[in-house]
Each structure stands twice: as C-alpha cells, then as structure tokens.
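Bear in mind these aren't lab numbers, they're just calculated from the coordinates by the rules spelled out. On a predicted model such as this, the values are computed, not experimentally measured, just so you know. Ideal geometry is used to build each Cβ from the backbone, glycine not excepted, and the neighbour counts take in all protein chains shown.
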Amino acid sequence: MGGRPGPACSPRGCAASPPAWRTARAAPVRGPPRPLRSSPHPQHALYPAYTPRERLEDLGKLLLRLLVGGLMLFHGIDKLLHGPGDVAHDLAEHGLPTLMAYGVYVGEVVAPVFILVGAWTRLWALVYGFNVLFAVLLVHAHDFGRLAPTGGWAAELYVFYVVGAFVVALLGSGRCALRRGVGRWD
C-alpha cells in the first residue's frame, strides 16, 4: 500500500481533475463542408442542406426583392402605357438630352423584372438604384429639405427606393431565386 497517495475525491469531484467546463473545447470555426441533403429528388442533391436560419434569411431576401422590384415595376408599367414624355420634359428643363428618357425603361421595367426573378440581382439592383437616384435628384431634390403636410419627411419614399435598391445589391438574391444566388452578381 505504499506509493503515492491518490487524489482526494468527494461527491463533487476529484481535486486533481479540473472541472469539465474548463477542459471542453469549442467547436472549430471552419469545419468540413456541410453534407449534401438526402432527398429522393436528384435536383436537390446538387445543393447543400441549409439551416432554418438560412431559410429565413433567404425568405427575407425574397420578400425584399418582391417589395423593391414590384413597387418600381408599377412605375415602369405606367411608362409603358403612357410613354416617357414626362421624363423627357423634366430632362429638357434641366438642359439634358431628351433621348435619355428612354433609359427609364431599363431602370423601371428591365431592372425590376431581373430583381423579381433573381437573375444577376446585384447588377440590376445597382442599375435600378442609380436610375432612381438620378431621377430623384433631377425632379425631387427640393423635397430633401422639407417636411410633408402629414409631418413626415417629404423625401422618405424616394430614399426608400434608392436605399432599398442598394440593400438588395448588398444582400444579393438568396436561394429563392432563378439563379439561386450562385453567381458573383446574384
């Protein structure tokens, strides 16, 4: 029975061993890629499974795209039905070529359609954003320094359109999109 004495043990643990919470290691930040989802459908095997949080993020991106692109598309449909005459008039008042009025079709019809379906979303959101920014500064610049009769900022709607487009450009399309957010400009 000679030899070294053992650690003093009690119901709370042994004195020689550190508590479990001190020896536990955190999971590595970067691990192996997530496994592919197991689905009987072959098209699902190409995409990695993703968490409920990622699904919510993609749903949020979809809703933002539908809101920003859908609301602007109403303006584009109005231009398709009635022509860009008012835009040409505003351009002429500022000494700009009236031929630029046809660019409204790119910014208010083509870009929102691409944003809605989720194809090259970042690129088209930038086109949309700069188009709206140009129009707002051209026609509604005086609204930035005043309040509306309701007490709100007179330029709040225009700011929503511009900032909303740039937020879509920053976030991208997500997976609820035609190109599923796989490209650089998605």
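Here are some notes:
- Ranked Trp124, Trp185, criterion: other C-beta atoms within 10 Å, fewest first: Trp185, Trp124
- With Cα atoms defining each centre, the range 95-117 and the range 125-186 are spaced 14 Å apart in the structure.
- Cβ-to-Cβ counts within 10 Å put Ile115, Ile77 in ascending order as Ile77, Ile115, the fewest first.
- Eigen-decomposition of the gyration tensor built on the alpha-carbon atoms of the range 58-171 gives equivalent ellipsoid semi-axes of 23, 19, 12 angstrom, largest listed first.
- Calculated FRET efficiency for the pair Trp153/Arg180, C-beta based, R₀ 25 Å, to 0.05: 0.10
- Ordering Tyr102, Tyr128, Tyr161 from the fewest to the most neighbouring beta carbons within 10 Å gives Tyr102, Tyr161, Tyr128.
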